[in-house]
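Each remark here refers to the structure printed beneath this line.
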Amino acid sequence: MADLFGEILTLTLMAFALAMDAFSVGLGMGMLKLRLRQIFKIGITIGIFHVWMPLFGIIAGRLLSEKFGDIATYVGGGLLVILGLQMIWSGFQKEKSSMITPVGMGLMLFGFTVSLDSFSASLTLGIYGAKTLLVLTCFGITATILTWLGLLIGRKVQGWLGSYSEALGGSILLAFGLKLLLG
């Protein structure tokens, strides 16, 4: 039971870190004065992408693990370190890319781009044989909630957290990657 709790805690922290970019972009997007129905749809869409992308990542990670064993472990740890550093760097960039409109194909593109990092991170989870349903549940629920939270806060506050949330998420992933590589 303690092992399951530890795995849920670890996966939730990782899901939180990976969803911080959705939260961060949601803060900015929330300033578009979106309706609650739009906010609901955006959160669900991001949650769905944070289920499908990790599923593909876990499958790929398991295939890599079967083929390359120990080397795959180091590759997975290295991916988390690189992803964490990239998120930290991105979090402190002064100029952000142009805003993606949260409707139609723009929403799909937004969902895809903010869930790409969950694909990369889930390669590592696949290598380590994490419980797929548990991973997908934690990632999907956390991404949905943080997206909603970002959109709603952005709607109210309009810009005081911003990029620092993405840097926090990157720090968490960097720590996980270093733990895998060193320990």
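Some notes on this structure:
- Burial ordering of F176, F5, fewest other beta-carbon atoms within 10 Å first: F5, F176
- Among W89, W148, W52, the ranking by other beta carbons within 10 Å of each residue's beta carbon, starting with the fewest, stands as W89, W52, W148.
- Sequence ranges 132-142, 117-127, ranked by mean other-Cβ count within 10 angstrom, highest first: 117-127, 132-142
Read-outs: derived from the displayed coordinates by stated rules, not from any lab. Remember, predicted model here, so these are calculated numbers, not experimental data. FYI the Cβ positions are ideal-geometry reconstructions off the backbone, even for glycines, and counts take in every protein chain you see.
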